[in-house]
Ligand SMILES: Cc1cc2nc3c(=O)[nH]c(=O)nc-3n(C[C@H](O)[C@H](O)[C@H](O)COP(=O)(O)OP(=O)(O)OC[C@H]3O[C@@H](n4cnc5c(N)ncnc54)[C@H](O)[C@@H]3O)c2cc1C
């Protein structure tokens with residue numbers, strides 16, 4: 001049974017990604033700064049995660065770091081949000097407390113916005129022998145590995161090029177593969193560096209599953225032009241130090257492998273005594289609230305929201321997180337002051353996928369655009385995502 005909320009306890013927002021930052025700002029704005037907000041994150045920076053596929057740019061210069069991570073202090077200063085740096089170990093929903101290891105934080109209302117973690121689906125060796133771009137540290141490690149690989153490529157035997165395997169044929173894998181294949185490694189490392197050979201291992205799911213046929217067609221054509229080879233129809237069975245083995249027995253050697261095959265909720269979230277969806281995500285109701293847990297809301301990648309009318313599951317995207325956040329915040333404020341809550345309705349504005357340096361494909365309404373206009377759109381959307389978390393500005397168009 002849940003304890004009665006302490007009237008003095010604040011609203012606690014867990015996670016300062018796209019969802020959490022926007023929820024925190026919106027609670028302050030909508031409550032006219034009456035509700036005290038404590039924002040918890042393990043990191044002192046807000047990571048612009050939608051840009052972490054830009055491995056060439058990350059590898060190019062350490063000065064570009066600010067492009068991908070903004071100090072949280074700068075983002076919350078104006079709104080009187082209290083920042084608490086710490087790693088959430090567990091949440092006690094009955095006692096209304098969050099365990100940060102070093103302290104326990106009491107809350108009156110809670111917004112869980114902790115994003116997700118990589119899922120290896122029990123594939124042996126995947127954890128040890130692959131890089132991932134789901135976190136900033138992972139993208140930095142991959143960029144460093146690529147820089148080293150390219151720097152030593154001229155010493156490889158004649159005819160041999162560095163080989164990069166990207167595992168996962170969704171948008172993340174596709175963007176990373178295209179970016180690595182088209183980055184100007186000669187400028188980034190040394191003039192005689194050999195361009196990498198990039199293979200995208202899509203797995204058993206169709207390439208870019210869930211995207212429109214037109215978008216997928218253009219994406220295939222652009223990957224082909226970028227020199228990315230697609231391997232479709234088989235899952236990875238095992239990753240060894242220098243090769244992957246597929247279910248079919250086919251093997252691919254690699255110099256660098258990237259795992260972009262899936263995500264799931266963090267382990268302690270999967271263990272919470274609440275309804276769960278795919279990958280242990282917290283199921284939230286029409287008000288983005290956790291059923292049976294008054295005052296507890298969930299937003300972004302950590303939750304599963306099923307549209308009650310269409311039964312469509314809202315995708316794990318920044319676009320969805322930023323659309324959910326103002327509604328969850330409004331409902332948290334309404335609940336705090338004993339007012340009725342409003343249901344969340346999701347309408348996808350469109351999608352855009354980067355397909356190598358300066359190129360992309362986008363679909364909105366019935367229109368598909370590709371090439372450099374789509375990439376320009378992607379850049380504009382990423383700018384909007386970045387500013388949407390600053391002071392609760394209007395959510396972006398795509
Ligand atoms: C390479 C890549 C490209 C993408 N491109 C797009 C795109 O073009 N468009 C789009 O809409 N989406 C895109 N996405 C998806 C998008 O990044 C996510 O959907 C979005 O980040 C979800 O926001 P969130 O706030 O729920 O989670 P996150 O942004 O991941 O934020 C979660 C926060 O919680 C913190 N945290 C996690 N665990 C703990 C803990 N235990 N204790 C304390 N703090 C913790 C993290 O530090 C982080 O700040 C992309 C993702 C990737 C990886």
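The values are calculated or read from the model by the stated rules, or taken from the named source; none is laboratory data. From a predicted model like this one, the values you see are computed outputs, not experimental measurements. In this analysis, Cβ positions are derived from the backbone assuming ideal geometry, glycine residues included, and neighbour counts consider all displayed protein chains.
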- Among (1) within 15 Å of the ligand (Cβ to nearest atom); (2) without any contact (Cβ under 8 Å) to a residue 24 or more places away in the chain - the single one residue 325 does not satisfy: (2)
- Item | Failed criterion for residue 362 (all others in (1) at positive phi; (2) at pLDDT below 95 hold) | (1)
- What is the number of the single condition among (1) within 19 Å of residue 176 (Cα to Cα); (2) more than 12 Å from the ligand (Cβ to nearest atom); (3) in the same structural domain as residue 109 (by TED's automatic domain parsing) that residue 370 does not meet? (3)
- Failed item, numbered, when residue 235 is tested on (1) assigned by TED's automatic domain parsing to the domain that holds residue 20; (2) more than 29 Å from residue 97 (Cβ to Cβ); (3) away from the ligand (no atom under 16 Å from the Cβ): (1)
- Restricting attention to region 125-138, and to residues there that are modelled with pLDDT of 95 or more and touching a helix residue (DSSP H, G or I) at 6+ places or on another chain (Cβ under 7 Å), which single residue is nearest to residue 41 (Cα to Cα)? 133
- Task: Please go through region 328-355 and pick out each residue that is within 14 Å of the ligand (Cβ to nearest atom) and within 14 Å of residue 299 (Cβ to Cβ).
- Result: 328, 329, 346
- Task: State whether the residues of region 152-161 include one that is in contact (Cβ under 8 Å) with a residue 24 or more places away in the chain, in contact with a helix residue (DSSP H, G or I) (Cβ under 6 Å, 6 or more places away or on another chain) and more than 12 Å from the ligand (Cβ to nearest atom).
- Result: no
- Please work out which one of (1) touching a residue at least 40 places away in the same chain (Cβ under 8 Å); (2) within 30 Å of residue 352 (Cα to Cα); (3) within 15 Å of the ligand (Cβ to nearest atom) is the condition residue 98 fails and give its number. (2)
- For region 333-370, what are the residues that are under 19 Å from residue 19 (Cα atoms), within 24 Å of the chain's Cα centre (by Cα) and touching a residue at least 60 places away in the same chain (Cβ under 8 Å)? 351
- Message: Tally up the residues in region 175-193 that are surrounded by fewer than 19 Cβ atoms within 10 Å (Cβ to Cβ) and part of a loop (DSSP other than H, G, I, E, B), please.
- Response: 4
- Message: Given the criteria at pLDDT 95 or above, closer than 20 Å to residue 6 by Cα and within 16 Å of the ligand (Cβ to nearest atom), does residue 305 qualify?
- Response: no
- Query: If you go through region 252-263 one residue at a time, do you hit one that is exposed (fewer than 15 other Cβ atoms within 10 Å of the Cβ) and part of a strand (DSSP E or B)?
  - Reply: yes
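Here is a list: 328, 386, 374. Which entry is farther than 30 Å from residue 228 by Cβ and either in contact with a strand residue (DSSP E or B) (Cβ under 8 Å, 6 or more places away or on another chain) or not in a helix (DSSP H, G or I) (or both)?
Matching residue, one of 328, 386, 374: 328.
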- Query: Here are 122, 115, 101: which of them is on the phi > 0 side of the Ramachandran plot and in contact with a helix residue (DSSP H, G or I) (Cβ under 8 Å, 6 or more places away or on another chain)?
  - Reply: 115
- Boolean, residue 211 is in a loop (DSSP other than H, G, I, E, B) and within 14 Å of the ligand (Cβ to nearest atom): yes
